[in-house]
Amino acid sequence: MSSLIRLVSDCPPAAEIVDVVVVGLGVAGACAALGAAAAGAETLALERASAGGGTSAMSGGVLYLGGGTALQTACGFDDSPEEMAKYLLASVGDAPDRAKIEAYCEHSVAHYDWLVAQGVPFKPVFYDGVSGEPPTDDGLVWSGSERARPYCDLARPAPRGHVPQLEHQAGPMLMRSLLAAVERSPARVAGDVRIRALVREAGGAIAGVVAESFGEERFVRARGGVVLATGGFVMNDAMLAQHVPLALRCKFRVGAEGDDGSGIRLGVAAGAATLHMDKASISLPATQPWGLKRGVLVDAQGQRFVNEDAYYGRLGELALFQARGRAWLVVDDAIFEKPDYPRRVAAVAETTAELARDLGLPAGALEATLALYNEHAARGEDPVFGKQRAYVAPLVHPPFGAFDCTTDASIYAAFTLGGLHTDADGRVLDPAGDAIPGLFAAGRCTSGLAVGGYSSGLSLGDGSFFGRRAGRSAALAR
């Protein structure tokens, strides 16, 4: 038997018996604890760090919510659960979990109201001009590719990035509010605790955890179940090498120390299935400010591979997994502007042929790409990728330049998307699709809403929403 699983019969008497044990106290764990406590369960949240927060407290704080929230309405935008679901089903990857997406969209307005009730503040002001967290404390932003093709043809666009009221980086504000709500709830919290194993009944049900604190182990029994909310595995090189090796090229990994895959390994040891372990969110902020969307992003063959007005998470995903991290943003003198993020200018030349030579691209490839692009851009059109007219301009004014968007020289912000297979109520499933009794999970240790395509705010939205559901499910199982 795996060292990550122990039988009840092999454990000493339980040092503590509760209804629900929550493992991890980021956004998913905090909301799981709140969900379980609200259902009347005696709840204990165990966190490996000294205090809660995790990666969620290091994030920009954007939550992807919609369907007609009070914030969207206050900012003058019309949205519906149906349009939100259309966008997500089209954009989040090739094998979306329809049940999760439909539940999330149907209840997104209520979830926003719940977050507000927990003390999370949102300023009713829309901020245009960035993708993701704004430099102000405004509450609503575009945070995906809703206005870019093909998605704008499939669903009515609406901004759905809901940002707690704090300038620049709202993750700390979000987690302060949620952790304060946990403190006000009946749930209890213990820090500096590592989970060494799940405890299983002879019949297979998960009955608790073996917890270690300052070198001492103890068995904590859970009448209803254990909720894993331990984060992803972006900090585990071995797991990345096994499942998503290209992510090892990314210079910036979005994660706390605890994003080492520990919860996924615990679940697998208990018999859980995993999904989409080869998927990751890869952000390449090459088009901030948005005027740089008028440039042309090309790969090592000098070919375009995406419409440049797409969300920078889509740019990064395609640049890494399709272009293998070899990409350059080509601009001319008319559209050049200083990027928001430090990025090396790979080459500057008076002609596109010279630029291609300096970049080491195949002879004639970049010239042909730009000739086709410019021919249609002169009429404000982009028939190849359908970029919005506002960002279509012929690149004909020398000198020409290329921003280095390779993994060697640019910011590729990565975190994993794959994890334990769960249903829409947070129950962990085995390879046959059956729920493992007593085992629940939420957040980045699961395969959630995004399964290969990402919009800012899906992790925090997913983790908070399904965290609540997992906590409630565990409470009802007691």
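The values are calculated or read from the model by the stated rules, or taken from the named source; none is laboratory data. Remember, predicted model here, so these are calculated numbers, not experimental data. Methodologically, a virtual Cβ is constructed for each residue, glycine included, from the backbone with ideal geometry; neighbour enumeration extends over all protein chains shown.
Exactly one residue out of Ala272, Ala319, Ala323 is touching a residue at least 24 places away in the same chain (Cβ under 8 Å) and over 26 Å from Gly386 (Cα atoms): that is Ala272. Taking the conditions exactly as written (surrounded by 15 or more Cβ atoms within 10 Å (Cβ to Cβ), over 30 Å from Ser447 (Cβ atoms) and not assigned by TED's automatic domain parsing to the domain that holds Ala241), does Phe385 satisfy them or not? Spelling it out, it is not the case that Phe385 is surrounded by 15 or more Cβ atoms within 10 Å (Cβ to Cβ), over 30 Å from Ser447 (Cβ atoms) and not assigned by TED's automatic domain parsing to the domain that holds Ala241.
Looking at region 11-106, the helices (runs of 4 or more DSSP H) lying wholly inside it that each contain 2 or more residues that are of a type in the set (D, E, K, R) and within 23 Å of the chain's Cα centre (by Cα) sit at 81-91, 98-106. Can Val62 be described as among the hydrophobic types (A, V, I, L, M, F, W, C), over 28 Å from Ile195 (Cβ atoms) and touching a Ser or Thr at 6+ places or on another chain (Cβ under 6 Å)? For Val62, the condition - among the hydrophobic types (A, V, I, L, M, F, W, C), over 28 Å from Ile195 (Cβ atoms) and touching a Ser or Thr at 6+ places or on another chain (Cβ under 6 Å) - is met.
To keep it simple, each residue is scored yes or no on (1) free of Cβ contacts under 8 Å to residues at least 60 places away in the same chain; (2) in contact with a Lys or Arg (Cβ under 8 Å, 6 or more places away or on another chain); (3) in the same structural domain as Met58 (by TED's automatic domain parsing).
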site	(1), (2), (3)
Val125	yes, no, yes
Pro135	yes, no, yes
Ala148	no, yes, yes
Pro164	no, no, yes
Leu178	no, no, yes
Ala187	no, no, yes
Arg221	no, no, yes
Asn236	yes, no, yes
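Between Ala30, Ala51, Ala70, Ala85, the distinction of being assigned by TED's automatic domain parsing to the domain that holds Leu179 and in contact with a strand residue (DSSP E or B) (Cβ under 8 Å, 6 or more places away or on another chain) belongs to Ala30 only. Listed by position, the strands (runs of 3 or more DSSP E) enclosed by region 175-244 that each have at least 1 residues that are surrounded by 22 or more Cβ atoms within 10 Å (Cβ to Cβ) are 194-200, 206-213, 216-228.
Set side by side, the residues Thr352, Thr369 differ, and just one is modelled with pLDDT of 95 or more, over 30 Å from Ala90 (Cβ atoms) and not aliphatic (A, V, I, L, M), which is Thr352.
Does region 21-51 hold any residues that are under 19 Å from Ser213 (Cα atoms) and among the hydrophobic types (A, V, I, L, M, F, W, C), and which are they? Answer for region 21-51, where residues must be under 19 Å from Ser213 (Cα atoms) and among the hydrophobic types (A, V, I, L, M, F, W, C): Val21, Val22, Val23, Leu25, Leu44, Ala45, Leu46, Ala49, Ala51. If you go through region 1-13 and pick out every residue that is of a type in the set (A, V, I, L, M, F, W, C) and either outside the structural domain of Trp114 (by TED's automatic domain parsing) or touching a helix residue (DSSP H, G or I) at 6+ places or on another chain (Cβ under 9 Å) (or both), you end up with 3.
Of the residues making up region 304-338, those that are within 30 Å of Gly418 (Cα to Cα) and either outside the structural domain of Leu359 (by TED's automatic domain parsing) or more than 24 Å from the chain's Cα centre (by Cα) (or both) number 3. Filtering region 131-168 to residues that are among the aliphatic types (A, V, I, L, M) and either crowded, with 21+ Cβ neighbours inside 10 Å or at pLDDT 95 or above (or both) leaves Leu140, Val141, Ala148, Leu154, Ala155, Ala158, Val163. Of the residues making up region 274-301, those that are in a strand (DSSP E or B) and within 17 Å of Pro134 (Cβ to Cβ) number 1.
Over 30 Å from Pro135 (Cβ atoms) and either assigned by TED's automatic domain parsing to the domain that holds Ile195 or of a type in the set (Gly, Ala, Ser) (or both): does that describe Asp19? Yes.
Checked against (1) in contact (Cβ under 8 Å) with a residue 60 or more places away in the chain; (2) in contact with a helix residue (DSSP H, G or I) (Cβ under 7 Å, 6 or more places away or on another chain); (3) under 15 Å from Gly461 (Cβ atoms), Thr55 passes all but a single condition, namely (2). Somewhere in region 340-355, is a residue touching a helix residue (DSSP H, G or I) at 6+ places or on another chain (Cβ under 7 Å), surrounded by fewer than 18 Cβ atoms within 10 Å (Cβ to Cβ) and free of Cβ contacts under 8 Å to residues at least 24 places away in the same chain? Checked against the condition, which is being touching a helix residue (DSSP H, G or I) at 6+ places or on another chain (Cβ under 7 Å), surrounded by fewer than 18 Cβ atoms within 10 Å (Cβ to Cβ) and free of Cβ contacts under 8 Å to residues at least 24 places away in the same chain, region 340-355 yields at least one hit.
Considering only strands (runs of 3 or more DSSP E) fully contained in region 371-478, which possess at least 3 residues that are in contact with a Cys (Cβ under 7 Å, 6 or more places away or on another chain)?
Output list is empty.
Restricting attention to region 396-453 and to residues that are within 30 Å of Arg223 (Cα to Cα), of a type in the set (Gly, Ala, Ser) and surrounded by fewer than 21 Cβ atoms within 10 Å (Cβ to Cβ), the residue that is nearest to the chain's Cα centre (by Cα) turns out to be Ala424.
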